[in-house]
Amino acid sequence: MRAILRRFAPACQAVGGVVKTRWGVGFGPRFCFVGPLTREEVAVSTIEQISALVEPLCAAAGVELYDVELAGPILRVLVEREGGIDVDTLSSLSRAVSESLDESDPIEGRYTLEVSSPGLERPLRSARHFEAVVGQRVKLRTGARADGPRRVDGTLVAVEDGGDTLVVESVDDGARHQVPRSAVERARTVFVWGPAERPVKVGSGAGSKRKGSGS
């Protein structure tokens, strides 16, 4: 069965800097749990298994594993390297990850593997993620039962209590919010573009051109 699945597997494809592999098919985890587990607990356990498999592959490729996210049928593996990562490295790593996952089968059912860099606006989940961006602008969305505002946009001033509390200074009014990391449903950094250059008139009666500093 597995040989047939591999035989008809399409090659990796780079789409917009993200390497996707669409032949991942899992046969279910080969371990037992004592007592019932919630869907969230099962997902965390699966991600931990995948991270353990992927980390040595990343080290061999000369990159660092940033995050693993399993969102429905999409498995995202985010990696980073100082100076950036080229598509060839991502493609090679994607093939290595696919083969490792196919052998260990930690995911039940079909899935699409995406291997990419975190990008300019990177997701934030772990304490390590938040600690690395103290002083930068972030956006947080908390759960419905959390105290305080549901959405916070501001500068991450500090990460306290061993990574459990986030202190964010709002860009709107300067108020400081202490947000439990456990209450955060989604968080990401915010890439702030530099101010645009002032329009420059070219010739008499000509229109002006504006060029963004990020171009």
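Details
- Candidates L78, L57: the one that is under 16 Å from the mean Cα position of the chain (by Cα) and open to solvent by less than 70 Å² (accessible area, probe 1.4 Å) is L78.
- Any hit, the stretch 112-134, residues being more than 19 Å from the chain's Cα centre (by Cα), more than 22 Å from V179 (Cα to Cα), open to solvent by less than 40 Å² (accessible area, probe 1.4 Å) and not acidic (D, E): no
- Qualifying residue in the stretch 91-107 (condition: out of contact with any helix residue (DSSP H, G or I) (no Cβ under 8 Å at 6 or more places or on another chain) and over 20 Å from E55 (Cβ atoms)): no
- When D88, D102, D147 are checked against the criterion of being more than 15 Å from the chain's Cα centre (by Cα), open to solvent by less than 60 Å² (accessible area, probe 1.4 Å) and charged (D, E, K, R), D102 stands alone in meeting it.
- Residues of the stretch 50-109 classified as assigned to a helix (DSSP H, G or I) and hydrophobic (A, V, I, L, M, F, W, C), total: 15
- Residues satisfying the stated conditions in the stretch 131-158, i.e. in a strand (DSSP E or B) and within 12 Å of V184 (Cβ to Cβ): V138, K139, L140, R141, T142, R151, V152, L156
- The number of residues in the stretch 150-168 being open to solvent by 80 Å² or more (accessible area, probe 1.4 Å) and closer than 14 Å to A127 by Cα comes to 2.
The values are calculated or read from the model by the stated rules, or taken from the named source; none is laboratory data. What you see is a predicted model, and the numbers here were worked out from it, not measured in a lab. For neighbour counting, all protein chains shown are included, and Cβ atoms are generated from backbone atoms with ideal geometry for every residue, glycine included. To get the accessible areas, we keep the full protein, side chains included, count just its heavy atoms, and leave off ligands, DNA and RNA. Shrake-Rupley method; radii C 1.70, N 1.55, O 1.52, S 1.80 Å.
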